[in-house]
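Only one structure is covered here, and it is reproduced in the block below.
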Amino acid sequence: MVITADVYLPPEEELTVQEVNLSGPALRAGAFHYGKYCEFQNNEFMLCRSELNDPRKCISEGKAVTSCALDFFRKVKKTCFKEFTQYANCLDKSSTKLEFEHCRKTQAVYDKCVLDNLGIERPQFGYFCEVKVHDTKRPKPEPKKPDVYPDYTPYLPDDYPRPPAKYGSRFHWME
Amino acid sequence: MALFRNKRVISSKIKEEKSIPVMGLVLSEPSNCAAGRSTMILGYLAVTAVSGYVYYLTWKKVRQDQIEMRSARLALQPLLTAERDREFLNQLRRNRDEEAKLMANVPGWEVGTWYGEPVYKTLPPDTLVTPYIYEFYAHASDSEFKRRTTLVLWS
C-alpha cells in the first residue's frame, strides 16, 4: 500500500536471471568453498546493501553474486560431483539441523577432491564470522548532516565568563 | 487422651529410652539436622568443580561447532539475500498493479496513498519503504499468509 506511483520499481525483465537451483543441504555442503571462491562478489554485495540500505540499488551486484555461485557449482559438478553429492546426502540424513559434526569423513573426502581439482582450500571454521575490510570502487555515501534551521538560538560568545560549578559536581571523580 | 504432654515430662522419660511408642506414633529425640553442614558444603563444591571441568572439556567443541555453523550461514547469506531481493521487488510491483486494478473505479484513490494523502510525509518521494507483513500479503490468500508467518516443525 505504501508503494506509490512515484517509487521506481525495476521491470520484470531486469529482475529475471538464472537462479541457483539447489536445495539447503547442497548449499550447506558447498558453503565454505563457495564463500572462498566468491568472496569478492559477496563482500561487494553485502557492503552495497548495508551502506545504501536499498535493494533497488544493488541489483547488479546481486546478479554478480548469483552468476559467481552458478559458476562455482557448475565447476564442482564437472569435477567433484560424486563426492559433493555424497557429502550433501550425509549432511541431509545425519541430523535435522544439517550439522557438520556428524559428517567429518565425507567432508574430508570432498575437501581433498576440491583441493586437487579446483585448488580451493577450505577456510578455517570461523573465517566467515570475522570482520572483513573490502576495497571497492564505489564511493562511500555521505552521512546525513543534521538540519540547520534559520531561527536557531545564538550561541554564547567565546569570551563570556564561564565560572566553575557553584556546588561542585554530582560525582566526586568528575570534579 | 495422652497425645499432648508436658515437654519436660517427655524429655525426662526420653533420657532413659530413645523412642516411646505412643498410639502408633514414635516420639524420638529431636535430631541435629545441621550436623554435617561442612561436609555437605565441601561435597557440593567438590562435585561442582569436577563437573565444571568435565563440562569445559566439551564446551570448547560445542562452541567451535556453533561458530562453524554460523560461518556456513554467513557464507551463504549474500546469495540468498540477492535472490530474495529480486523476488521481493517483483512482488511489490505485482501488489501495486493489483491495487491499481482493484481501486480503479474508486473516486479520489491514488495507489499507495490514502485518498491522495501520502502515508510518509517527510521522506523524499522515491524512498522505498518496506511495507509491513499485512500490507505485503494484502492481496494473497489467508493460507499463504499463515504459511509465511507460522512456523510448523515436522520433527
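Things worth noting here:
- Within segment A:42-73, if we keep just the residues that are surrounded by fewer than 19 Cβ atoms within 10 Å (Cβ to Cβ) and among the hydroxyl-bearing types (Ser, Thr, Tyr), the residue that is nearest to A:Val20 (Cα to Cα) turns out to be A:Ser67.
- Taking residues in segment A:158-175 that are exposed (fewer than 10 other Cβ atoms within 10 Å of the Cβ), and partners anywhere that are among the hydroxyl-bearing types (Ser, Thr, Tyr), the pairs with Cβ atoms closer than 7 Å and at least 6 places apart or on different chains are A:Glu175/A:Ser169.
- Residue match in segment A:125-134 (condition: over 24 Å from B:Met69 (Cβ atoms), without any contact (Cβ under 8 Å) to a residue 40 or more places away in the chain and either in contact with a helix residue (DSSP H, G or I) (Cβ under 7 Å, 6 or more places away or on another chain) or away from chain B (no Cβ under 13 Å) (or both)): yes
- Restricting the first member to segment B:73-92 and to residues that are within 7 Å of chain A (Cβ to nearest Cβ) and surrounded by fewer than 19 Cβ atoms within 10 Å (Cβ to Cβ), and the second to residues that are in a helix (DSSP H, G or I) and among the acidic types (Asp, Glu), the beta-carbon pairs closer than 9 Å and six or more apart or on different chains are B:Asn90/A:Glu12.
- Looking only at residues in segment A:91-132 that are among the hydroxyl-bearing types (Ser, Thr, Tyr) and in a helix (DSSP H, G or I), the one that is nearest to A:Phe73 (Cα to Cα) is A:Tyr110.
- Pick from segment B:128-155, criterion assigned to a loop (DSSP other than H, G, I, E, B) and more than 11 Å from chain A (Cβ to nearest Cβ), ranking: surrounded by the most Cβ atoms within 10 Å (Cβ to Cβ): B:Tyr137
- Scope segment B:102-127; condition surrounded by 11 or more Cβ atoms within 10 Å (Cβ to Cβ), out of contact with any strand residue (DSSP E or B) (no Cβ under 8 Å at 6 or more places or on another chain) and either of a type in the set (Asp, Glu) or without any contact (Cβ under 8 Å) to a residue 12 or more places away in the chain (or both); matching residues: B:Met103, B:Trp109, B:Glu110, B:Thr113, B:Trp114, B:Pro118, B:Tyr120, B:Leu123, B:Pro125, B:Asp126, B:Thr127
- Qualifying position, being out of contact with any helix residue (DSSP H, G or I) (no Cβ under 7 Å at 6 or more places or on another chain) and among the hydroxyl-bearing types (Ser, Thr, Tyr), among A:Thr85, A:Thr66: A:Thr85
- Being surrounded by fewer than 18 Cβ atoms within 10 Å (Cβ to Cβ), of a type in the set (Gly, Ala, Ser) and touching a residue at least 12 places away in the same chain (Cβ under 8 Å) is a condition met by no residue of segment A:27-41.
- Restricting segment B:93-115 to residues that are over 22 Å from A:Glu14 (Cα atoms) and of a type in the set (S, T, N, Q) leaves a set whose member that is farthest from the other protein chains (Cβ to nearest Cβ) is B:Asn105.
- Taken over segment A:138-156, the residue count meeting the criterion of being modelled with pLDDT under 90 and in contact with a helix residue (DSSP H, G or I) (Cβ under 6 Å, 6 or more places away or on another chain) is 0.
- Boolean, B:Leu57 is in a helix (DSSP H, G or I), modelled with pLDDT under 90 and not hydroxyl-bearing (Ser, Thr, Tyr): yes
- Unique residue being more than 7 Å from chain B (Cβ to nearest Cβ) and at positive phi when the list is A:Asn21, A:Asn53: A:Asn53
The values are calculated or read from the model by the stated rules, or taken from the named source; none is laboratory data. If you're wondering where the values come from, they're calculated on a predicted model, not measured in any experiment. Positions of Cβ are generated from backbone atoms using ideal geometry, with glycine treated the same way; all protein chains shown enter the neighbour counts.
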